[in-house]
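Only one structure is covered here, and it is reproduced in the block below.
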Amino acid sequence: MTSSGERLPAGLARRIALAAQGFADPRPGGDVGTRQLRRTVERLGVVQIDSVNVLSRSHYLPYFSRLGPYPRTALDALSNRRHDLFEYWAHEASFLPVRLQPQLRWRMAAAEEHAWGNMVRLQRERPGYVREVLDRVREGGPIRASQLIEPRPDRPGSMWNWHAGKVALEWLFFTGALTARARTAGFERVYDLTERVLPPEVVQAPTPDRADAVRALVATAARALGVATETDLRDYFRLPVVDARTAIAELVEGGLLRPVQVEGWDRPAWLDPDARRPRWVRARALLTPFDSLVWERPRVERIFGFRYRLEIYTPAAKRVHGYYVLPFLLGDRLVGRVDLKADRQAGVLRVQSAHAEPGIDVPEVAEALAAELRLMADWMELEQVAVTGAGDLAPALTGAVAATGDPGPLLTAVGQPADGGAAG
């Protein structure tokens with residue numbers, strides 16, 4: 001697929017992308033509540049879920065990155081009580097605005113094509129058991145996988161080491177027969193019949209044709225990305241290649257996407273005609289590895305010149321930047337990265353490494369990063385920020401952290417005593 005049309009400077013394309021993701025707006029000056037949270041998820045279209053909790057459950061962080069501190073209970077209520085959000089496999093496991101549920105029914109109907117092996121295999125080999133699980137939910141009400149006790153398969157260490165009950169529930173979840181009613185305090189999914197959870201107007205909404213649904217999803221991705229390649233648009237909801245290409249062509253023909261050429265990009269791109277074109281972006285944000293601004297690593301490198309790899313599954317001795325590394329956005333650039341850990345028992349936000357990008361103003365970045373870390377620590381109810389690791393940004397950040405506020409019990413850095421005793 002080719003595109004032509006307007007030529008966009010690389011800097012403008014970067015600012016368009018940031019604005020589309022919500023980073024051109026100032027953070028709210030007052031309390032953040034349901035309205036701002038709902039507006040953010042509507043803008044993004046999809047927020048990825050991940051089980052890693054070394055810092056925070058990942059889905060909480062995109063809202064903090066854009067809005068600053070907010071009550072996490074308000075976000076929980078959008079999915080657990082209000083059901084303005086629903087869970088599904090969109091860009092991996094995700095929270096989405098509930099209005100998008102009909103647009104994903106084609107994937108539910110084609111579960112054997114899109115679900116992975118153990119779910120499909122169980123449905124084929126034990127269909128009666130799957131029906132039994134569905135009947136149990138229908139008659140007995142909401143259920144957790146831990147309530148279906150079956151021996152686990154002998155695959156120690158596998159992240160998909162699910163027992164048959166969990167597999168059956170996930171198959172029913174993938175097909176849309178069940179959905180998530182809530183998450184427990186331990187983040188276990190509570191399954192229930194979709195028609196008992198989602199609003200009636202959503203459940204009763206007509207199911208669009210697959211082509212119409214995919215076109216709507218590509219349009220949603222285009223609005224969330226601002227300017228994007230075919231791969232970017234397709235990856236946002238993990239859409240099939242042929243379907244996505246057809247949808248892009250139809251959106252272009254209808255004037256809902258514009259072909260553009262972006263300076264420095266080695267492939268065609270498309271622009272949301274309504275995308276904002278800010279002259280500057282003054283953002284300051286730490287980004288979860290699963291934030292929609294950075295989850296597609298080739299796009300990050302293309303837009304920001306920032307090479308980013310998730311090293312969670314890399315052996316510790318071979319990691320370059322750390323275990324749970326968050327890029328730091330300042331202005332319209334990714335200027336550094338920090339490996340963060342919430343030491344909840346000690347009440348400390350630990351910076352286990354801090355690395356700068358080439359050519360940055362180190363003191364300026366360290367000062368801004370220290371302020372953002374302090375803001376994050378307060379939001380997470382952690383008393384201290386401690387720079388405890390290495391990296392070329394760590395020395396400057398240590399001083400900036402100590403200068404951010406009271407260097408006593410509320411804030412520490414390497415070599416800075418927390419209470420007049422031994423260094424933290």
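Quick notes on this structure:
- Of the residues making up the stretch 162-172, those that are of a type outside the set (D, E, K, R) and open to solvent by 30 Å² or more (accessible area, probe 1.4 Å) number 1.
- Residue count for the stretch 283-309, restricted to those that are out of contact with any Phe, Trp or Tyr (no Cβ under 9 Å at 6 or more places or on another chain), outside any helix (DSSP H, G or I) and over 18 Å from Glu92 (Cα atoms): 4.
- Thr207 being under 30 Å from Tyr313 (Cβ atoms) and either of a type in the set (Gly, Ala, Ser) or modelled with pLDDT of 95 or more (or both): no
- Look at (1) part of a helix (DSSP H, G or I); (2) closer than 20 Å to Asp212 by Cβ and you find that Asp76 fails only one, number (2).
- The stretch 344-380: number of residues that are more than 22 Å from the chain's Cα centre (by Cα), surrounded by fewer than 18 Cβ atoms within 10 Å (Cβ to Cβ) and farther than 24 Å from Phe304 by Cβ: 4
The values are calculated or read from the model by the stated rules, or taken from the named source; none is laboratory data. These figures come from a predicted structure and were not determined experimentally. We place every Cβ from the backbone using ideal geometry, glycine too, and count neighbours over all the protein chains shown. Heads up: the accessible areas ignore ligands, DNA and RNA and are worked out on the full protein's heavy atoms, side chains in. Shrake-Rupley method; radii C 1.70, N 1.55, O 1.52, S 1.80 Å.
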